[in-house]
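No lab work stands behind these numbers, since they all come straight from the coordinates. What you see is a predicted model; the values in this text were computed from it and never measured. As a convention, Cβ positions derive from the backbone with ideal geometry for all residues, glycine included, and neighbour counts pool all protein chains shown.
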Amino acid sequence: MSPLRITARDAATGPVLAVFGELDYANADELRARVSLTPVRQGQRLVLDLAGMEFCDSSGITALLAARDHALAAQADIVLAAVPAHTMRILHIVGLDQIFPLAPDSETATGADAGRR
């Protein structure tokens, strides 16, 4: 079991939060809290870089949806970057791959055309 770790950095397009470890029932609230404390301004893009995420359960998916709500409330975009295959499968099954813009990595997600469908 890998504990959740979240790092933050700023990009020209807005904040980037990198998620490492397991995003599950035991620690999904940690991501929710971190996102709620992350300032996102109108027109920016919040990027969640999931390259280091090892596991995600339904509580983790709910935390990702809360991050989307946070971005939309600020009239900002959100992009999920480097979504692991196991999480991509869940997103696809429940149709969330249709509401989350996806990028292959955080560099692409912070590019000028990222998040556009």
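Can you put M88, M53 in order of Cβ neighbours within 10 angstrom, beginning with the fewest? Don't jump to the answer; show the numbers that get you there.
Working: M88 16, M53 23.
So the residues, fewest neighbours to most, are M88, M53.
Add +1 for every Lys or Arg and -1 for every Asp or Glu among the other residues with Cβ under 14 Å from the Cβ of A73, and state the total. Walk me through the intermediate numbers first.
Details: positive: R32, R41, R68; negative: D69, D77.
That works out to +1.
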Q: Note down the nm distance, to one decimal, between modelled labels 7 Å out along Cα→Cβ at Y25 and at D105.
A: 3.6 nm
(Q) Of A51, L80, P39, which is farthest towards the positive pole of region 5-109's charge dipole, taken about the Cα centre with +1 and -1 on the beta-carbons of Lys, Arg and Asp, Glu respectively? (A) P39
**Q.** Zone residues, region 18-47, relative to M88, backbone N less than 20 Å from point 7 Å out along Cα-to-Cβ
**A.** 18-23, 47
Q) Order of D49, D69 from fewest to most other C-beta atoms within 10 Å? A) D69, D49
**Q.** Value at 222 nm in deg cm²/dmol, rounded to 500, when DSSP H runs of n ≥ 4 in the chain each add -39,500 (n - 2.57)
**A.** -9500 deg cm²/dmol
Q | Neighbour-count order for I78, I93, I61, fewest beta carbons within 10 angstrom listed first | A | I93, I61, I78
Q: Take the Cα coordinates of region 5-109, assign each an equal point scatterer, and use the Debye formula without solvent to give log10 I(q)/I(0) at q = 0.17 Å⁻¹.
A: -0.68
Q. Using modelled backbone amide H atoms (1.01 Å from N, in-plane), which distant-in-sequence or interchain residues come within less than 5 Å of A51's amide H?
A. V19
